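The next block holds one structure in the form of structure tokens; read it before the comments.
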Amino acid sequence: MNKLIESKKFAALVKRNTKYYFKDKFMFLMSLLTPLILLVLFVTFLRNVYIDSFKQSFPEGFAVDNRLINGVAGAWLLSSLLSVSSVTVAFCSNIVMINDKIEGNIHDFQVSPVKGATISIAYFLSNFIVTFIVLTAIMLIGHIYLAAVGWYITAADALMIIVDIFCCTLFGTLLAGVVESFISTQGGLSAVSTLVSSMYGFISGAYMPLSQFSEGLRNTLCLLPGTYGVGMMRNHYMNGYMQAFSNAGLPDGAIISMRNSFDANLYLFGKQIPLVGMYGILLGACVILFAAYITIVIIKNKKKY
Amino acid sequence: MIIEIENLKKSFKDVNAVDDISFKVKEGELFAFLGVNGAGKSTTINIISGTLKKDAGSVKVCGYNIDENADSIKSEIGIVFQNSVLDKKMSVYDNLESRANLYGIFGSEFKTRLEEISTLLDFKDIIKRPLNKLSGGQKRRIDIARALLHNPKLLILDEPTTGLDPKTRITVWNVIEKLRKEKNLTVFLTTHYMEEAANADYVVILDGGKKVAEGTPHDLKNKFASDFIKFYSNLNQAEKALTELGLPIKRERDYLEAELESTAYVSKIFKLYPELFVDFEVLKGNMDNVFLKVTGKDLREV
């Protein structure tokens, strides 16, 4: 009975946090706009660069439908954007937790008969929901774009993309929860969000394929679990296009070369990490982050009471 | 007793925020906790409300020991914070619903409670409005409503009228008085306003984390505050006469004030100098005088 009431209190807190976030239309719009602006900038300035890069993998004289080549470039860019946003949006959306600390609203929860851990995990879950909604909206807009320029994604892959978004969002919100547990000012939140927004795209190989880095740097970045979130997304966005290239007569060697160049295949110390391994590493990191988050919550609660 | 605190201690590094204080609060009374900022009022409230760990001493609220039953205590107290801690962009309804849920009040039970409380505090007409669109008095009423959602036995008011205009302060106090009368609610008040403390049943004054005085306002005034007589005419004559009597006097532009040992001393002056008593008044010492006497600090200046 007590557990049921505590879980109802938990659900009420998640509902309040999520509602609180969406009450600020500007906040939601900015979370959505930033990745979309990035998508527009990618398409405007980098699309041709990536189209040329894809074409470099083609054998002499290989001709292909423009929709296929435009589509694969767009899909690759969208996979980058979604995987980066899963972390950057999570860091920004955690503003509900930080605001509650700044404005003192958290005291109102702390004087209520609700466990400290319930309050903290509710912040995490509501941030997960918000980030997942924002990412799903970006995905839908991105898919409309892909449908316009060239859609070759299978239904199974489209479904797996949603699974990838779920996994990446889980990773992003847990990472944000751990890092931002120590932040209690608006300035601190801005500083961390700026740092993460500017760095994460590069260190996860989302903005630049890891294949373009030196071997040492590539191995170092492959030690970071976020890289595998990007890899998962790349696989499911590119599979359909690779199959279409194959159907169009592109040799297997060229397809493998393309997958290697664009990080659909990831290698750690020369050994290829299979797709299931990517999920394992990312979800393993989630388990570690969740344990760290719970430990921080317990220590913080013990300090107070 | 609704609150029993004995030898409570709490320090932050080398600052003794609460230094060995003991006091009791009876059920149904208006209890005032006085002190300047940093006196230890908020630290004590945070310990009572279970959000801060004490270093030593014992705290019992509504019969529960805070070390064993912090959650039971939380269910029995409602707190109105100095600054509103509700969600400004959300409606009154959403705010109260989300907070009621934390006390296990859901669905129809919440709606019934909201109906009762909105009638009691008269805010039915603003229930759908966002909090940031309300006036200061309306916001304060909602803060009080939030604190009362779960029918607490003890209402803690942490400087509830600080920053409010005089009219709103009166409104807030009318609400509190109504609650005390109708619900026999125990009210634990911290305030900077001495006139509010003067209406309390019992007062504890803190200074530097220590309890420096306690008692009913009447007892405290008798013990620590002098009475005064003010003359508004024959000022020169009055100054001469009162100086002869050896009374401490203060001459202002249009009156002369003398501090008296007791009100009874007035009859002695009247017998000796009846001609002075044309335009005058006798004032009982007030809580400002008490506070100044026991702490050496004037609350109006800190």
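No lab work stands behind these numbers, since they all come straight from the coordinates. Quantities reported herein were computed from a predicted structural model and do not represent experimental measurements. With ideal geometry, Cβ positions are generated from the backbone for all residues, glycine too; neighbour counts draw on all protein chains shown.
Quick notes
- Fraction of antiparallel bridges per DSSP, the protein assembly as shown only, in percent to nearest 5: 65 percent
- Neighbour net charge for B:Ile79 - beta-carbon separation under 10 angstrom, K R +1, D E -1: -1
- Highest-first arrangement of B:61-74, B:44-57, B:248-261, where packing means the average Cβ count within 10 Å: B:44-57, B:61-74, B:248-261
- Whole-Å distance, taken between Cα centres, linking segment A:70-140 and segment B:192-265: 60 Å
- The three principal axes of the Cα atoms in chain A give end-to-end lengths of 73, 40, 39 Å, sorted in falling order.
- Environment charge at A:Leu189 (Cβ cut-off 15 Å; Lys +1, Arg +1, Asp -1, Glu -1): -3
- Per residue convex hull volume, Cα atoms of chain B, in Å³: 158 Å³
- Equivalent ellipsoid of the protein assembly as shown: semi-axes from √(5λ) of the C-alpha gyration tensor, largest first, are 69, 23, 22 Å.
- Net charge, B:Glu159 excluded, C-beta distance under 13 Å - Lys, Arg +1, Asp, Glu -1: 0
- The reciprocal of the average 1/r between distinct C-alpha atoms defines the Kirkwood hydrodynamic radius, which for segment B:38-105 equals 13.7 Å.
- Segment B:1-159: radius of gyration and largest Cα-Cα distance (Dmax), Å: 16.9, 50
- Ellipsoid equivalent to segment B:226-284 - semi-axes via the Cα gyration tensor, in Å: 15, 13, 11
- For the peptides A:97-103, A:85-91, B:129-135, residues were scored by their other Cβ atoms within 10 Å and the scores averaged per peptide; the highest-first order is A:85-91, A:97-103, B:129-135.
- Whole-number D in µm²/s for segment B:126-222 (Stokes-Einstein; Kirkwood sum over Cα pairs; 25 °C, 0.890 mPa s): 165 µm²/s
- Relative contact order for segment B:226-284, counting Cα pairs under 8 Å that sit 6 or more residues apart, in percent: 52 percent
- Distances between placed amide hydrogens fall under 5 Å for A:Leu266 paired with A:Ile273, all partners being 5 or more residues away or on another chain.
- Remark: segment B:1-124 carries a charge dipole of roughly 340 debye about the Cα centre, counting +1 on each Lys and Arg Cβ and -1 on each Asp and Glu Cβ.
- Rounded to the nearest Hz, the phi-derived 3J(HN,Hα) couplings of segment A:291-302 under the Karplus curve 6.51 cos²θ - 1.76 cosθ + 1.60 (θ = phi - 60°) are 4, 5, 4, 5, 4, 4, 4, 5, 4, 4, 5, 5, where x marks glycine and proline.
- Exceeding the 22 Å Cα-Cα cut-off - candidates B:Lys89/B:Lys139; B:Lys128/B:Lys183; A:Lys15/A:Lys300; B:Lys24/B:Lys211: B:Lys128/B:Lys183; A:Lys15/A:Lys300
- Isotropically averaged projected area of segment B:183-302, using the convex hull of Cα atoms (one quarter of hull area), nm²: 9.4 nm²
- Placing a label point 7 Å from the Cα of A:Thr194 along the Cα-to-Cβ line, the residues of segment A:62-106 whose backbone N sits under 19 Å from it are A:88-95, A:98-99.
- Full extension of the chain between A:Ile256 and A:Ile294 gives 9.5 nm of extra length, using 0.36 nm per residue less the Cα-Cα distance.
- Calculated Rg and Dmax of segment B:86-144 using C-alpha coordinates, Å: 10.7, 30
- Relative contact order [Cα under 8 Å, 6+ residues apart], chain B, whole percent: 20 percent
- Packing-based ranking, highest mean first, of B:141-151, B:214-224 given that Cβ atoms within 10 Å are counted: B:141-151, B:214-224
- Zone of B:Glu27's modelled label, taken as backbone nitrogen in segment B:37-71 under 19 Å from a point 7 Å along Cα→Cβ: B:60-66
- Charging the Cβ of each Asp and Glu at -1 and of each Lys and Arg at +1, and nothing else, the dipole of the protein assembly as shown about its Cα centre rounds to 840 debye.
- Toward the positive end of the charge dipole of segment B:157-302, with +1 on the Cβ of Lys and Arg and -1 on the Cβ of Asp and Glu, the farthest Cα among B:Trp173, B:Gly246, B:Phe277 is that of B:Trp173.
- Distance (nanometres) between label positions extended 7 Å along Cα→Cβ at B:Glu281 and A:Ala117: 6.3 nm
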